[in-house]
Amino acid sequence: MNPFYIGVNRNTTPFPSPPADFDALALIEAGLARTPGIYWAEVEFFAPIADISLLIPKSFGELIPTENGTMFTCFIQKLGWFAGHIAGLGVPFVVHHPSQLRDELTIMLKRASEAIHHP
């Protein structure tokens, strides 16, 4: 018998067709958005969800309308990368969680200020 031979099972039934309204992309995006990370982040942007949804892919996390704009919740691995990402969107925001993200933003601001004032 060849150890690399994979037999064919002819007694299988085909997979059923998905429902007509099945959205494979939405399922994948939701799964990616819920992939656990080191930190759980909650950032509120002071802009409508329609505007923020153009800037942040669905696979990054969840967008929830708030009284002040849009709450963005997600898992993140690297605080520095995430701080740069949200600051670079050009939309006013406040960090609700984690406090380490506020610290990282402070460090970024200090680095930027030093770069601007460097002779």
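The values are calculated or read from the model by the stated rules, or taken from the named source; none is laboratory data. All values reported here derive from a predicted model rather than from experimental measurement. Here the Cβ positions follow ideal geometry from the backbone for every residue, glycine too, while neighbour counts run over all protein chains shown. Heavy atoms of the whole protein, side chains included, go into the accessibility calculation; ligands, DNA and RNA do not. Shrake-Rupley method; radii C 1.70, N 1.55, O 1.52, S 1.80 Å.
Remark: the I49-H117 segment gains 20.9 nm on full extension, using 0.36 nm per residue and subtracting the alpha carbon distance. Computed over protein heavy atoms with a 1.4 angstrom probe, the accessible surface ordering of T106, T66, T73, largest first, is T106, T66, T73.
Could you check how much of the accessible area of the chain is carbon and sulfur, as a whole percent, using a 1.4 Å probe?
62
Relative contact order, whole percent, for the stretch 27-119 stands at 33, derived from Cα pairs under 8 Å and 6 or more residues apart. Seen from V95, the other residues with C-beta closer than 12 Å to its C-beta sum to a net charge of -3, counting Lys and Arg as +1 and Asp and Glu as -1. Taking Cβ atoms as reference points and 15 Å as the exclusive limit, the residues near A33 contribute a net charge of -2, counting Lys and Arg as +1 and Asp and Glu as -1. Applying 0.36 nm per residue to the separation of S59 and H97 and subtracting their alpha-carbon distance, the gain on full extension is 11.7 nm. In the context of the full set of protein chains, the stretch 11-95 has a per residue accessible area of 66 Å² (1.4 Å probe).
Shown here: log10 I(q)/I(0) by the Debye sum over Cα atoms at q = 0.09 Å⁻¹, derived from the displayed model; of the candidates (1) -0.41; (2) -0.63; (3) -0.45, it corresponds to (1).
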